[in-house]
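Here the structure is laid out as structure tokens; the discussion comes afterwards.
Here, each number is a calculation from the coordinates, and none is a lab measurement. As the structure is a prediction and not an experimental result, all values here were calculated from the model. Note: ideal-geometry Cβ built from the backbone for every residue, glycine included; neighbour counts use all protein chains shown.
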Amino acid sequence: MWLFLYFYFFKIQFHLKNYSPIGVFDSGYGGLTVLNELIKKLPENDFLYLGDNARAPYGSRSFEIVYSFTLDAVQELFSRGCKLVILACNTASAKALRNIQQKDLFDYPDHRVLGVIRPSTEIIEGLSKTKHVAVLATEGTVSSNSYLIEIEKFSEKMSVIQHACPMWVPLIENGEIESDGALYFIKKEIDHIFHLDNLVDTIILGCTHYPLIEAQIRKFVPNHVNIVSQGPIVADSLKEYLLRHPQMDTACSKNGQVDYLTTEQSDTFNTNVLKLTGDIITSTKIKL
Ligand code: DGL
């Protein structure tokens, strides 16, 4: 009996010391579309997901607020052992990433924070034959022009239209994606893109929530048009990053464990995750 208890506590101690998950942050449920791809590509790693559902959506909030909310979340994930945090949120990547990388990481020299916009813009050109692409995103991401600025660095001859879909995230966060109202707003935004440019052959879902309604989006998009989700792109990019940064790779623990934090009631979060992704999970409610 004593021997059993000794080994049990030794195991817990070892586990605590050896727990440095990769933090994955989003304003709400959208980052799950990235997390699930990260789990597929890096199954041995530990992940800690944080959805700030109680304060979502971030999409139409000011630069200062998105930066301050994102910094809260990053610091929370650092305090729980994460050395590496992925902002699995385009709005946070557009409005907070640079400040965090250039200012706040001074206090955490062995920590890193990465975003989702750069990996997507690096490969955009190869995805389109007509070189006409549309980026669908939140108002915050669109007004930051981050996609236009980044795409220009990698591909000069692309025609890019950006379009904000402000109703989509609230519909997803409120569990309304199957409603007639949702289909109305999805069709409205898709029609608008092809009205602006009918040569578009690639649509980038530049908000991590949008892949959660990809089936509904597909209903209104011509078959020859590619719909691109960021999850697989970000997962490939993170895998390469860890190969190029072996020190960070070693610092990230690998017990294949995935945990979920939310600022919403945990029961609500668990139920919505099941509805949106089919995953049965148990989350913990925290306050930021
Ligand atoms: N999922 C987020 C994004 O990629 C943010 C959605 C929101 O909170 O408005 O931009």
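What is the set of long-range amide H partners of I22 at a cut-off below 5 Å, with H atoms built 1.01 Å from backbone N?
Sorted by chain and number, the residues that satisfy this are D46, F47, L48.
Where a ≥ b ≥ c are the square roots of the eigenvalues of the C-alpha gyration tensor, would you call the stretch 165-277 rounded, which needs a/c under 1.5, or, failing that, prolate if a/b is larger than b/c, or oblate?
Oblate shape, in that a/c is at least 1.5 and b/c is the bigger or equal ratio.
Need the list of lysines near K157 for cross-linking: C-alpha distance under 24 angstrom, and skip anything on the same chain fewer than eight residues off.
K129, K131
Peptides 78-84, 100-106: what's the order by average Cβ count within 10 Å, highest mean first?
78-84, 100-106
Find which of V142, G181, N36 sits farthest along the positive direction of the dipole of the chain, computed with +1 on the beta-carbon of Lys and Arg, -1 on that of Asp and Glu, about the Cα centre.
N36
Just order 265-271, 34-40, 22-28 by mean Cβ neighbour count inside 10 Å, highest at the front, would you?
Peptide ranking by packing, descending: 22-28, 34-40, 265-271.
In degrees, nearest 10, range 0 to 90: what is the angle between the Cα axis of helix 2-17 and the longest Cα principal axis of the chain?
Orientation of helix 2-17: about 40 degrees from the principal axis.
When a/c is below 1.5 the answer is rounded, else prolate if a/b is larger than b/c, else oblate, so apply that to the stretch 44-163 with a ≥ b ≥ c taken from the square roots of the Cα gyration tensor eigenvalues.
The shape class here is prolate.
I'd like the GluC sites (Glu not before Pro) in the stretch 43-131 restricted to DSSP loop residues with at most 12 other Cβ atoms within 10 Å, sorted by number.
Passing both the DSSP loop test and the Cβ count: E44.
With angles folded into 0 to 90 degrees, how steeply does helix 117-127 sit against the dominant principal axis of the chain? Use alpha carbons for both and round to 10.
Value to nearest ten degrees: 50.
Tell me which aspartates and glutamates have Cα within less than 17 Å of K153's Cα, excluding those fewer than 8 residues away on the same chain?
Straight-distance partners of K153: E122, E125.
Rounded to whole Å and ordered largest first, report the semi-axes of the equivalent ellipsoid of the chain derived from its Cα gyration tensor (root of 5λ).
In descending order the semi-axes read 34, 21, 17 Å.
Using every pair of alpha-carbon atoms in the stretch 220-266, split the distances into 10 Å bins beginning at 0 and state the percent of pairs per bin, rounded to integers.
All Cα pairs, binned at 10 Å, distribute as 18, 28, 29, 20, 5 percent.
Give, in whole angstrom and from largest to smallest, the semi-axes √(5λ) of the equivalent ellipsoid of the stretch 87-147, with λ running over the eigenvalues of the Cα gyration tensor.
Sorted largest first and rounded, they come to 27, 14, 7 Å.
Amide H of G115 versus every other amide H placed in the peptide plane: which residues, excluding those fewer than 5 positions away on the same chain, fall under 5 Å?
Answer set, sorted by chain and number: L87.
Quick one: order T91, T141, T284 by neighbouring beta-carbon count within 10 Å, fewest to most.
T284, T141, T91
For R218 and K188 in the same chain, what is the full-extension length gain: residue separation times 0.36 nm, less their Cα-Cα distance, in nm?
9.5 nm
Is it possible to state the helix-based mean residue ellipticity at 222 nm for the chain, with each DSSP H run of 4+ residues giving -39500 (n - 2.57), the sum divided by total residues, to the nearest 500 deg cm²/dmol? What is it?
The helix-only estimate for the chain comes to -14500 deg cm²/dmol at 222 nm.
Once you charge only the Cβ atoms, +1 for Lys and Arg and -1 for Asp and Glu, what is the size of the charge dipole of the stretch 138-186 about its Cα centre, to the nearest 20 debye?
With Lys and Arg at +1 and Asp and Glu at -1, about 260 debye.
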